[in-house]
Structures are given as C-alpha cells and as structure tokens.
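Here's the structure, in structure tokens; my notes come after.
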Amino acid sequence: MVAAYAAAAPPPTSGAVRHVWVAAVPTTWNLVPNQRDAISGVRHPPGSTVLPTVVYRRYTRGWRRPARNGPRGTDNHDLIPGPLIRARVGDRLRVHFKNLDEAGRPHSMHFHGVRYRPSSDGSYLPGFSGDDGDVRPGESWTYRLTAGRDSAGVWPYHDHSRTMDASIAGGMYGMLSILGRRERVPDREHQVVFAAMGGLQTIDGRAFVGNTPVFHARPGELVQWDVMAMGSEHHTFHVHGHRWRDANGVPEDTRTVGPAESFRVRWREQAPGTWLYHCHVESHMAQGMIGIYRVTRR
Ligand SMILES: [Cu+2]
C-alpha cells in the first residue's frame, strides 16, 4: 500500500514499504526572525540575518502539495531540518526526491544508517556516480533504502551532490528516525541540529532564544531527542534539569556530537518547568545555539 506518512507514527509491526516525497526548494531564510538575542539584548538587523537558500521540503504523494516537515508529536514546524523520515527496523523506504531549485543547481540526498545499493548512494563522483548524485533541476530520483537491524537510531541525510558544501551550509539536511522492531513510539520527538549558518551558530537553522524551536512535553510523557551536528565543528548537547544514561548506564547531562554524528536520548518526563537546552561550547551559545524546553501540566 502506498501512503503519505507525513503525520504517521511507525506501525507496531515492521516490514512496511514507506514512501516519502521530498523536494529541494528555494527559500529566503531568516536566522533570527525577531532580530534579537534575548539574553544579551543585542539586536541583529535583518540585513545581517536573512539569506537565500535551498531546503528539503516534504510533499504529499506525487509532490502534489507541500506538507509539514515535522510530523505530529514534534515541535519542529519549519523547513530546517528537512522532513523527519520515520521507519522501523525491517521497513523499506522509497524516498522520492525532486529538484525544484530555480537557480539551476544539481542536488541529491545521501542517507546514513541504512542499507542501499550504490544507485541510491546520492553522492557525486565524476566517472563513477550516476544520476542519484546529480539530480538536475526539474528532475527526480527515487532512493531505495532498507532499515536493517543495525539501523535503529537517528541518522543524518544531506545533499551530497557537487553543491554539497553550499547546500549543507544553507540547511540541506534532515534526519532518519528508526525504531527497533518492538521499540515504543515516543510521545514527543524533538530534533536538534547544531550547525553554523550565516556567521551564527544555529539550532535547526535559527539563532538565539525566541527564534530556535521551543520544545514542549508534559509530565509522564516519553520524550525522545534526536541530536546531530552538520558542518565542520563539534558541539555539546546539554539540557537543564534533566539527565539520561550513556551506553554504559552512566548518567550524563551533556554529550558531544561532531560533524554528521548523531544520537538520540530518551527519558520519562518528570520535571515541570521552563528549561534551557543548548550547545555548551561557550562561544557557540553566545552566537545563538540555545533554546527553550517547556514542560507543562496542560
Ligand atoms: Cu556548538
């Protein structure tokens, strides 16, 4: 069965074939829509924070209509990162990609964490790669992926065409979120992508409290954070008032993430209040890499 999984959680059983429609679309992006660093009080005039770019945008089946990149259960309501692609171990993914970049640049999608043949690699290498890594404006390509047993977790996808450097600097990246065969679907899923952009340090393409996403949860909910970094720097994911366990079971409240690395953390929420989440590299925080997490009873 073909379905647009824009808002659907993964089904409890695996083995589904999931179709996703994604286009590369040009847009004008404001890194600081309220033009202000709320903590320092410094103003950032629009001329310094607005840039033309290309982003991944989810569409309904057959690219009929644009749809929300963030499915239900997330507070990621904008175009950076690209569509959250959800699956479960054992699923096959068919990611239909179309390049709608009016400026004539090729683009592609390259996925981490899943199995695929070279024709679904999406990377550009003259003399070796095919159309999958060089999707021209107006053209499309379907990437065929499988979520194997070693795919559970969150993983980056990004442009790996010849325009890769500029595309990633402009926000052409997103995440795959793959559940284990019997793993619970979280009540909330928050995507945090650390990346430098336009001279600022951004979370999901925005800088400073009031511009970065405000994530929500209620006490008792199972909360999952999907974290990754893109670009050339390392970042540290830190959430106030909360701890989670590392792979050895040791509690932590800060974890390092480097370029194209990714991880997820989960907890059962039990700390009502308004909290900060941020990169704890001090200069990055000062340049915008900080946001608000709000846990409310209703
Ligand atoms: Cu950082």
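Summary of computed values
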quantity	calculated
Residue, surrounded by the most Cβ atoms within 10 Å (Cβ to Cβ), within segment 171-187, restricted to residues that are within 13 Å of the chain's Cα centre (by Cα) and in a loop (DSSP other than H, G, I, E, B)	Gly171
Contacts under 7 angstrom Cβ, first residue in segment 96-123 being at positive phi and modelled with pLDDT of 95 or more, partner buried (at least 18 other Cβ atoms within 10 Å of the Cβ) and in a loop (DSSP other than H, G, I, E, B), 6 or more apart	Gly122/Ser108; Gly122/Met109
Complete set of residues in segment 45-66 that are assigned to a loop (DSSP other than H, G, I, E, B) and without any contact (Cβ under 8 Å) to a residue 40 or more places away in the chain	Pro45, Arg64, Arg65
In segment 121-179, the residues that are under 17 Å from Pro106 (Cβ atoms) and among the acidic types (Asp, Glu)	Asp121, Asp131, Asp132, Asp134, Glu139, Asp159, Asp165
Among (1) assigned to a strand (DSSP E or B); (2) modelled with pLDDT under 90, the one test that Pro11 misses	(1)
Complete set of residues in segment 223-245 that are out of contact with any Lys or Arg (no Cβ under 6 Å at 6 or more places or on another chain) and aliphatic (A, V, I, L, M)	Val227, Met228, Ala229, Met230, Val239
Candidate set from segment 281-298 (those that are more than 10 Å from the ligand (Cβ to nearest atom) and among the hydroxyl-bearing types (Ser, Thr, Tyr)); member that is farthest from Ile168 (Cα to Cα)	Thr296
Matching strands (runs of 3 or more DSSP E) fully within segment 188-280 where at least 3 residues are closer than 23 Å to Pro71 by Cβ and within 16 Å of the ligand (Cβ to nearest atom)	188-197, 222-229
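The values are calculated or read from the model by the stated rules, or taken from the named source; none is laboratory data. Owing to the predicted nature of the structure, the values given are computational and were not obtained by experimental measurement. Note that each Cβ is placed from the backbone with ideal geometry, even for glycine, and that neighbours are counted across all protein chains shown.
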